[in-house]
Structures are given as C-alpha cells and as structure tokens.
C-alpha cells in the first residue's frame, strides 16, 4: 500500500500529516511555508509512494465555504497541473484548529509550547487525515 498525505492549508503556512504505508495511523510530518508547499509536495511524492492527497475543506457553521476556500482552490489547480495523476480528496475541517489546541492542552504541553502555531497546523493536518481514514 501507499501513504496518504493530509494538508491543513493556511495562507502563511500549511500543516502536513502522513499515514504509515498500511494506512492505519495518521502522524504529523511537518509544517511548510505555504509558498513552498507545492514544491514540497512534488518532492515528497517523488520520493515516497503516495496514493492520495487529502486537503481540508474549511466551512462555516451554516455549511458555506469559508473565505479561505478561494485560496485553497487556486492552490489545488496548481497542484493538479503539477501532479495530474495524483488523486485529491477534500475533508471537512471545521473545528480542527480548536480540537488541535485542546489536544495540546490535554497532552500536557506548557503554555509556551501551545503558542507554536506550526504545531497546531501539523496537528490539524493529522486530524484531517485521521477523519479521512475513518470515512474510508
């Protein structure tokens, strides 16, 4: 089997998570500055066996797309051009940042560590990917 990559897309930086090759566990991989995200993914997918890329779909409480969706759609067009053979799936990412922050509290991270926005993005990507695995 191949890995699955999960992305919590942000305007400044994006969290990235991956599964193991058996697609059982989602784990945080890294956080990448968003302008470098496409290059990172192309490079990662050329060195690792990746089956699909899962990208969070931010929605409002009323189920409408959030304001960041237009930036994500523009990125997805560039991603599809760079890797036309790679399937891309979307997953509702409502509340992942809040859940990620609560996860940091529950795991005993100190306040200074919880202020690390890159870690929140990475945990959010892991939650997005885990959600995809549960529905798969």
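The values are calculated or read from the model by the stated rules, or taken from the named source; none is laboratory data. Everything numeric in this text was worked out from a predicted model, so none of it was measured. With ideal geometry, Cβ positions are generated from the backbone for all residues, glycine too; neighbour counts draw on all protein chains shown.
Structure values in brief
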quantity	calculated
Candidate set from the range 34-75 (those that are within 13 Å of the chain's Cα centre (by Cα) and not in a helix (DSSP H, G or I)); member that is surrounded by the most Cβ atoms within 10 Å (Cβ to Cβ)	56
For residue 20: the one exception among (1) under 13 Å from residue 129 (Cα atoms); (2) surrounded by 17 or more Cβ atoms within 10 Å (Cβ to Cβ)	(2)
Unique match (being at pLDDT below 95, in contact with a strand residue (DSSP E or B) (Cβ under 8 Å, 6 or more places away or on another chain) and either over 18 Å from residue 68 (Cα atoms) or buried (at least 17 other Cβ atoms within 10 Å of the Cβ) (or both)) among 7, 25	25
Of all residues making up the range 77-136, the number that are at pLDDT 80 or above, loosely packed, with under 11 Cβ neighbours inside 10 Å and either in contact with a helix residue (DSSP H, G or I) (Cβ under 8 Å, 6 or more places away or on another chain) or in a helix (DSSP H, G or I) (or both)	4
Subset of the range 1-33 (residues that are closer than 12 Å to residue 118 by Cα and over 14 Å from the mean Cα position of the chain (by Cα))	none
Single condition residue 2 does not satisfy, out of (1) surrounded by 15 or more Cβ atoms within 10 Å (Cβ to Cβ); (2) modelled with pLDDT of 80 or more	(1)
